[in-house]
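Encoded as structure tokens, the structure appears first; notes follow it.
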Amino acid sequence: MAGTGHIILLGAPGVGKGTQAKVIAAELGLPHVSTGDMLRASVAAGTELGKRAKAVMESGALVNDELVLGVVAERLRAEDAARGVVFDGFPRTVVQAEGLKALLEASGGLGIAHVIHIILDSEEIVERLSGRRVCRDCGAIYHVRFQPPKHEGRCDRCGGELFQRDDDRPEVIRYRLAVYEKETAPLVAFYRQQPGYAEVDGNGSTAAVTDRIRCFLE
Ligand code: AP5
Ligand code: MG
């Protein structure tokens with residue numbers, strides 16, 4: 001896989017953005033930038049940002065655009081972002097997409113090389129999210145049926161404790177899907193006309209989905 005510029009993984013909650021972003025980022029040697037992971041880390045650390053984001057995230061709504069753009073702007077200033085990053089869960093609104101465009105233009109550096117839109121139907125999404133477990137220490141993603149850890153409740157990679165996200169309760173999952181349709185789905189029209197936009201089927205094994213994504217990155 002090659003190419004320069006940022007990669008955006010777009011798609012509804014639970015389509016596999018985080019799972020795929022980790023693989024793609026590792027293969028390309030680029031940082032994985034998940035605004036969800038960064039916000040959850042702020043909540044866990046009890047920072048000012050975390051305090052503002054906590055209740056909003058638990059409800060399944062979106063955190064304020066300005067806050068998120070601030071976090072991303074700071075992350076892109078880090079040295080390891082100079083060759084591009086793999087965005088996961090950002091941008092999430094048209095305001096964020098426009099903000100990112102302005103930010104990249106102002107920096108005069110890299111643009112957006114690829115927007116990979118992963119598509120999966122909502123029944124499969126609910127199934128995937130309700131069985132998800134995440135490692136508290138390294139962030140590895142599991143599923144109780146589809147990607148079970150070797151030892152229940154423990155991360156294969158680091159031995160950390162696996163937990164269920166607060167927003168993976170059935171009623172919150174439904175709400176997150178509705179928020180996606182209203183706030184994030186309009187981004188498809190925003191990016192569809194641009195070179196580098198591709199739609200990928202999110203069904204099948206993790207490796208099969210990675211193979212489909214690779215085709216567009218080559
Ligand atoms: P965020 O953390 O971004 O959550 P999300 O978009 O809802 O996406 P998920 O992490 O739920 O799903 P995913 O696509 O990463 O799927 P995964 O790979 O884990 O955001 C959380 C919250 O933070 C938001 O609600 C909002 O409040 C806030 N936020 C974050 N970014 C923001 C922004 N930019 N603006 C405003 N607010 C923001 O996979 C899911 C499950 O499926 C796992 O169990 C996995 O093991 C399994 N799985 C994956 N692939 C496969 C496969 N091929 N076959 C079988 N199982 C699979
Ligand atoms: Mg994720």
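List of remarks:
- Candidates per trypsin sites (Lys or Arg not before Pro) in the stretch 1-88, loop by DSSP, up to 16 other Cβ within 10 Å: ARG77, ARG83
- Over all other residues within a Cβ to Cβ distance under 13 Å of LYS22, the charged ones net out to -1, with Lys and Arg as +1 and Asp and Glu as -1.
- Note on ILE119: accessible area approximately 70 square angstrom, rounded to 10, probe 1.4 Å, nucleic acids and ligands left out.
- FRET efficiency for GLU218 and ALA44, using Cβ-Cβ distance with R0 set to 30 Å, rounded to 0.05: 0.20
- On the beta carbon distance between ILE119 and ASP166, with R0 = 35 Å, the FRET formula returns roughly 0.85.
- Low-density loop positions, GluC sites (Glu not before Pro), the stretch 101-201 - DSSP coil, at most 12 other Cβ in 10 Å: GLU152
- Percent of beta bridges antiparallel (DSSP, the chain, rounded to nearest 5): 30
- Per residue, the chain exposes an accessible area of 50 Å² to a 1.4 Å probe, with every protein chain left in place.
- Count, lysine Cα pairs under 29 Å in the chain, 8 or more residues apart or across chains: 15
The values are calculated or read from the model by the stated rules, or taken from the named source; none is laboratory data. Keep in mind that what you see is a predicted model, and the values were worked out from it rather than measured. Cβ: placed from backbone, ideal geometry, glycine included. Neighbour counts: every protein chain shown. Heavy atoms of the whole protein, side chains included, go into the accessibility calculation; ligands, DNA and RNA do not. Shrake-Rupley method; radii C 1.70, N 1.55, O 1.52, S 1.80 Å.
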